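Rule-based calculations on the coordinates, nothing more; no lab input. No experiment lies behind these values; they were computed from the predicted model shown. FYI the Cβ positions are ideal-geometry reconstructions off the backbone, even for glycines, and counts take in every protein chain you see.
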Protein chains: 2
Amino acid sequence: MAANLPVYVYMDHSASTPTDARVVEAMLPYFTQVYGNASSAHEFGRKAEDAVETARETVARILNCQPKEIVFTSCGSESDNLALRGAAWAARRGGQGNRLVTTPIEHSAVTKTVEQLAALMAFEPVVLPVDREGLVDVEDFANACGEGAAVASVIYANNEVGTIEPISRFAALAREQGVWLHTDAVQAAGQITLDVQELGVDMMSLSAHKFYGPKGAGVLYVRDGIELIPSQSGGSHENGRRAGTHATPLIVGLAKALEIAYDELDAHVAQYRTRRDHLVEGILSRVPGALLSGHRERRLPSHASFVFDGVDSSRLVMHLDAKGVAASGGSACKTGNPEPSATLLAMGYSRREAIGGLRLTVGRQTTEADVDYTINAVVEAVEKVRKLSGELTV
Amino acid sequence: MAANLPVYVYMDHSASTPTDARVVEAMLPYFTQVYGNASSAHEFGRKAEDAVETARETVARILNCQPKEIVFTSCGSESDNLALRGAAWAARRGGQGNRLVTTPIEHSAVTKTVEQLAALMAFEPVVLPVDREGLVDVEDFANACGEGAAVASVIYANNEVGTIEPISRFAALAREQGVWLHTDAVQAAGQITLDVQELGVDMMSLSAHKFYGPKGAGVLYVRDGIELIPSQSGGSHENGRRAGTHATPLIVGLAKALEIAYDELDAHVAQYRTRRDHLVEGILSRVPGALLSGHRERRLPSHASFVFDGVDSSRLVMHLDAKGVAASGGSACKTGNPEPSATLLAMGYSRREAIGGLRLTVGRQTTEADVDYTINAVVEAVEKVRKLSGELTV
């Protein structure tokens, strides 16, 4: 993409990925040719319905579940909302527990939904501690589930620091207590297993645009037997779990993208790892005082994240942008009013450190040259930001 | 579209429309080239954000409102959910009225959401009567708004019978009582005015795939000053009103489709009207006992709907499909277990009549030959269904 810059390196694949050309090709007929409403009882409707159901089978195969356990949504945030709201409301209606067990390193679609359920409907949030690497404590989790939980939600791989949680252990503990476990697998998809039998989760959220699929398409896996109350009500689409006309092209695209991602998983992951390791090594060795945030081994293959003490990450991202590198801060950079990252604070970093988070995430098109360019840009940008802000390097 | 039939005529444009080729062309670069997350603070993000904000300005121009009053959603059902839930929860939080005022001819996204709010949160539904033509009584509406209403929702043009409600009168009455009025304008878009100043509504739902845009994209207009509580919470997208990564291609496509629909409105509407009138005249004159349902004049230009006494509409739709005509019944045809249409029942039709609804909706590609073919197919199919079911014609 020409950005009026001689070089522009995209290092923000955790924020979004380009749609694979094969995915676009697969979607195209569903805009102009197979345009029926998948709920219509005629040839045009049936063709659309066939495409939706074929996509559902593809997704189910990769998740190792039944097609009827797949709910198509419009994005990962919607999936998180449906899981949390749907389970909490069902628990309320069933006279079950009132607690919503979660962690301080969830995506905002989980955090804010729990907050709203607490504010509007008097649910009780329980937020578990995490350690310095971003791992949630297993014992704390078991205890929290034992005390009247309606639902628990633990992120599979964190978006900011890339740490992969031991989800199968949480799932086993939740099941022992009869508590449903939801996991946000939005960042994990396309990099690690999504086998729900192996993971043991009851609900799992995915978002297509994180694995080279289209924006506007998500999945919520819901284990057979769980009856969620729909958070988007209306027509009886998706077995009454999500109202709204099926977005046939997007659903087809999501399935195609997931299929490609898992057919080609080993090759992509190997390449991510090589590039990412090179990036981490370069930055840690050349930037004074740089720390790798998150877990060193238990992290997403594409994901590098750092803390630069004394650096305001929103400025750092701005300087990197000016140098032609698309990166992401740990905090809400766009406001221009940097807040420390809640994730880093929860992990035990100081406020000063928690303002200095940087995320760099490689992708399929990332080259060695891109990585070298990025390392140099980060070295220069950190130095510049430190100099401008009058901070001393460590 | 080849449907393995010598002729296949699509007469179900109210269910969905093909995406305009110009819309597809406008969307394409946003899949593979401008693929940044519109929330990202770098060049890739800004380009996506620019596209989203340009689309917002286009939509606002056609609705005659401010860009900030436009909320992009994933579909019409989501827009309806956000309007109803968001307003009801806000009213609850603000200690305002508890009643949800609506009609028996709303889309299920309104009806089912009101039902759920009543069941889960003890809101009180008030369902107003409609007359034989599907018009909601203005006086009843005024009375209902005066008695502690949280929000009112009246469909702009009904999906089943095409009747256009006098929305501006309801809006004026609601405003007098300080009640927010939402309208579902999903069927109206691309056929009649969407000028929210002229209509006077506080909230209005649109769905792109009804006006030759992509499936998976909707709009909720929310008048400045109304603070909805988000029904999909998480990130601060859409000014905190709808969390979830912007689906840039779909948003661009929605705006392009709306622009085309209103740039070319007069020509399309004139053609819809000609084809539709021909269709209505042909069917009423040739099918014994056929009735036009809905209002004769105050109806959508593309929309024809009938009641055939003694005919099970799900069978009729099946026979029409076999003859190569895509049509829609008034009832939930797909189940094979015909229920009378709630809309027709509310309008005063008998149960026997309310099973015999048929909707035929013309579109941009509908030709005179298509209409002639459809008339013949309906004549034959009604005769066949009546013969098979042993019913006498009227």
Review point. Tell me, what is the FRET efficiency for A:R22 and A:N143 to the nearest 0.05, using R0 = 56 angstrom and their Cβ-Cβ distance as r?
Key: 0.75
Check your understanding: Which of B:T102, A:T103 comes first, and how do the rest follow, when ranked by fewest Cβ neighbours within 10 Å?
Key -> B:T102, A:T103
Exercise for review: Run through the other copies and list how far each one's label point is from that of A:D195, in nm with one decimal, shortest first; the point sits 7 Å from Cα along Cα-Cβ.
Suggested key: 6.3
Review point. How big is Rg to Rh over the protein assembly as shown, alpha-carbon atoms, Rh as the Kirkwood inverse-mean-distance radius?
Key: 0.99
Check your understanding: Can you give the angle from 0 to 90° between the axis of helix B:43-63 and the longest principal axis of chain B, with both taken from C-alpha atoms, to the nearest 10?
Key -> 60
Point to revise | Of B:A152, B:A243, B:A257, the one that fluctuates the most in a GNM where chain B has Cα springs shorter than 10 Å | key: B:A243
**Study point:** Amide hydrogen neighbours beyond the local backbone of B:V71, cut-off 5 Å, H modeled
**Key:** B:L220, B:Y221, B:V222
Exercise for review: List every residue whose amide H lies under 5 Å from the amide H of B:Q96, counting only residues 5 or more places away in sequence or on a different chain, with H placed 1.01 Å from N in the peptide plane.
Suggested key: none
Check your understanding: Do the alpha carbons of any pairs in A:K215/A:K323; A:K323/B:K47; A:K215/B:K112 sit beyond 21 Å of each other, and which pairs?
Key -> A:K215/A:K323; A:K215/B:K112
Check your understanding: When each pair of different Cα atoms in the stretch A:34-263 is counted once in the 1/r mean, what is the Kirkwood radius in angstroms, to one decimal?
Key -> 17.6
Point to revise | Rg [Å, one decimal], Dmax [Å, integer] - the stretch A:237-280, C-alpha atoms | key: 16.7, 48
Check your understanding: A:L345 label point, 7 Å along Cα→Cβ, cut-off 20 Å on backbone N: hits in the stretch A:136-162?
Key -> A:136-137, A:155, A:158-162
Study note, to complete from the structure: In the A-onto-B rotation, chain A's nearest residue to the axis by C-beta, with distance in whole Å, turns out to be A:S74, 2
Review point. How far, in nm, would the chain grow between A:E115 and A:R223 when pulled straight, counting 0.36 nm per residue and subtracting the alpha carbon separation?
Key: 36.4 nm
**Study point:** Cα centroid separation - the stretch B:343-394 against the stretch A:101-122, whole Å
**Key:** 50
Check your understanding: At A:L265, label 7 Å along Cα→Cβ: distances to the other copies, nm, ascending?
Key -> 5.2
Practice item. Output the direction-averaged projected area (hull surface divided by four) of the convex hull of the alpha-carbon atoms of the stretch B:66-122, in nm². Key: 4.8
Check your understanding: Around B:V9, which amide H atoms from residues at least 5 apart in sequence, or from another chain, sit under 5 Å from its own amide H, with H modelled in the peptide plane?
Key -> B:V325, B:A326
Point to revise | Positive dipole terminus of the stretch A:34-263, leading residue within A:A172, A:V138, A:Q66 (C-beta point charges) | key: A:Q66
Check your understanding: Shortest first, in nm, what separates the label point of B:T367 from those of the same position in the other copies (7 Å along Cα→Cβ)?
Key -> 5.1
Review point. What is the Cα convex hull volume of the stretch A:6-46 when expressed per residue in Å³?
Key: 113
Practice item. Provide the FRET efficiency to the nearest 0.05 for the B:A322-B:T367 pair, computing r from the beta carbons and using R0 = 25 Å. Key: 0.75
Review point. How large, in Å, is chain B by the Kirkwood hydrodynamic radius built from its alpha-carbon pairs?
Key: 21.7
Review point. Nearest 10 degrees, 0 to 90: what angle lies between the long axis of helix B:76-93 and the longest principal axis of chain B (Cα atoms)?
Key: 50
Check your understanding: What list of ³J(HN,Hα) couplings, whole Hz, do you get for the stretch A:176-191 from phi and the Karplus terms 6.51, -1.76, 1.60, once you set θ to phi - 60° and write x for glycine and proline?
Key -> 4, 9, x, 9, 6, 10, 9, 10, 8, 9, 4, 7, 6, 4, x, 10
Review point. Local charge sum around B:T163 (other residues, Cβ-Cβ under 11 Å, Lys/Arg +1, Asp/Glu -1)?
Key: -1
Practice item. Once every Cα of the stretch A:22-158 carries one equal point scatterer and solvent is ignored, give the base-10 log of I(q)/I(0) from the Debye formula at q = 0.10, 0.18 Å⁻¹, two decimals. Key: -0.49, -1.02
Check your understanding: Nearest 10 degrees, 0 to 90: what angle lies between the long axis of helix A:313-322 and the longest principal axis of chain A (Cα atoms)?
Key -> 80
**Study point:** Under Karplus coefficients 6.51, -1.76 and 1.60, residue-wise ³J(HN,Hα) of the stretch B:209-219 in Hz, glycine/proline x
**Key:** 6, 8, 10, 6, x, x, 5, x, 9, x, 9
Exercise for review: Going by C-beta contacts inside 10 Å, put B:K387, B:K256, A:K384, A:K47 in order with the fewest on the left.
Suggested key: B:K387, A:K384, A:K47, B:K256
**Study point:** Part-to-part distance (alpha-carbon centres) for the stretch A:19-51 and the stretch A:169-196, which is given in Å
**Key:** 31
Check your understanding: What FRET efficiency do you get for B:N376 and A:N64 if R0 is 60 Å and r is their Cβ-Cβ distance, rounded to the nearest 0.05?
Key -> 0.70
Review point. Among residues other than A:I260 whose Cβ falls under 12 Å from its Cβ, what is the net charge (Lys/Arg +1, Asp/Glu -1)?
Key: -2
Revision key, fill the gap. Taking a ≥ b ≥ c as the square roots of the Cα gyration tensor eigenvalues, with a/c under 1.5 meaning rounded and otherwise prolate when a/b beats b/c or oblate if not, the stretch B:144-228 comes out prolate
Exercise for review: Using the Karplus curve 6.51 cos²θ - 1.76 cosθ + 1.60 with θ = phi - 60°, work out ³J(HN,Hα) for each residue of the stretch A:254-264 in order, rounded to whole Hz, and write x for Gly and Pro.
Suggested key: 4, 5, 4, 5, 5, 4, 4, 4, 8, 5, 10
Exercise for review: Using only C-alpha positions, report the orientation-averaged shadow area of the convex hull of the stretch A:209-291, nm², one decimal.
Suggested key: 8.8
